[in-house]
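What follows is one structure encoded as C-alpha cells, with my remarks underneath.
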Ligand SMILES: Cc1cc2nc3c(=O)[nH]c(=O)nc-3n(C[C@H](O)[C@H](O)[C@H](O)COP(=O)(O)O)c2cc1C
C-alpha cells in the first residue's frame, strides 16, 4: 500500500493492517498499548486492534485488570504498531473511552466459546497459585453455562482510543527515516514531518 500524506490517516492505518494480514504476518493487528497509572507510572502490553469504532481505534479487555483500571483512572493512552518486514511503525496518542454495552456484547458474541469462557474465568492481572487454579475456574464456568449461550461478563468489554496524533514512520536508508505526523486540529488534521 502506498502512503499519501494528503489522505485520511484512519483509512491508511486500516489499509496497512489489511496489508500486513494479506502478507501473512502473524498477529497483523497486534499493537502495543501504553497506559499510565494515576500516580504517573507507565505500563505497556500488546492487545489486538479490532477496527475503527466511532472515530476511535478499538480493542477489548477485562475492565478490572491492570490496564482497565489504569484507563478508568487516566483515560490517556498511546498505541504502537510495528511491522518490521514492511519497514513501518505507526504511533497513536489520544484519549480512550469504554465502548457501549451493546458494542461490547456484539463483539463478544463473535468470539470462540473458549475465549468467552476465559473472559469469565480469568481475573485478569490478579495473582494465581498456578495453571490448575485457572483450569478449575474454566471448568466451573463451562459447567455453569452448559447448553446455553455465554453472556458478555459485566467486567469485560471494549475501549476506543480517539487519536489526537498519528505518526507514520517509514524505515529509510542511512537512518534517514521519514516521519509523517497528523495532529488533530478541531475537525481537521495539521500535517507535519519530523526529523528522524
Ligand atoms: C499477540 C497478543 C495479543 C493480545 N491481545 C490481547 C487483547 O486483545 N486483549 C487483552 O486484554 N489482552 C491481550 N493480550 C494479553 C496482554 O498483552 C496482557 O498480557 C493482558 O491483557 C494483561 O495486561 P494488564 O495486566 O496490563 O491489564 C495479548 C497478548 C499478545 C502477545
_Report the Cα centroid-to-centroid distance between region 152-183 and region 11-72 in angstrom, as an integer._
9
*Can you tell me the FRET efficiency between residue 76 and residue 11 if r is taken as the Cβ-Cβ distance and R0 is 25 Å, rounded to the nearest 0.05?*
0.55
*Provide Rg and Dmax in Å for region 59-140, with only Cα atoms included in the calculation.*
16.0, 46
*What's the extension gain from residue 178 to residue 140 if we count 0.36 nm per residue and subtract their Cα-Cα distance?*
8.4 nm
*What Rg and what Dmax come out for region 21-64 when only alpha-carbon atoms are used, in angstroms?*
13.0, 41
_region 1-79: Rg to Rh, with Rh as the Kirkwood radius over Cα pairs_ = 1.03
*asked:* For the ranges 124-133, 92-101, what's the packing order if you count other beta-carbon atoms within 10 Å of each residue, average per peptide, and put the highest first?
replied: 92-101, 124-133
*What share of Cα pairs, in percent, lie more than 25 angstrom apart in region 1-156?*
40
*Angle between the chain longest axis and helix 131-144 axis [Cα atoms, degrees, rounded to 10]*: 70
*asked:* Calculate log10 I(q)/I(0) of region 5-45 for q = 0.23 Å⁻¹, where I(q) comes from the Debye formula with a single equal point scatterer on each Cα and nothing for solvent.
replied: -0.78
*Show that you can apply the helix-only estimate: for the chain, add -39,500 (n - 2.57) for every DSSP H stretch of four or more residues, divide by all residues, and state [θ] at 222 nm to the nearest 500.*
-8500 deg cm²/dmol
*asked:* On the principal axes of its Cα set, how long, how wide and how thick is region 117-175? Give whole Å, largest value first.
replied: 57, 27, 20
_Between residue 171 and residue 45, how high is the FRET efficiency from 1/(1 + (r/R0)^6) when r is the Cβ-Cβ distance and R₀ = 22 Å? Nearest 0.05._
0.35
_At R0 = 25 Å, FRET efficiency that the Cβ-Cβ distance of residue 149 and residue 127 yields, to 0.05_ = 0.20
*GNM, the chain, Cα, under 10 Å: largest mean-square fluctuation among 71, 88, 79?*
88
*region 75-196, Rg to Rh (Cα coordinates; Rh as Kirkwood inverse mean 1/r)*: 1.15
*If one takes the longest principal axis of the Cα atoms in the chain, at what angle in degrees, from 0 to 90 and to the nearest 10, does the Cα axis of helix 9-22 lie?*
70
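All of the numbers you see were taken from the coordinates with simple rules; none came from a lab. Computed from a predicted structure; not experimentally measured. All Cβ positions, glycine included, derive from the backbone under ideal geometry; neighbour counts span all protein chains shown.
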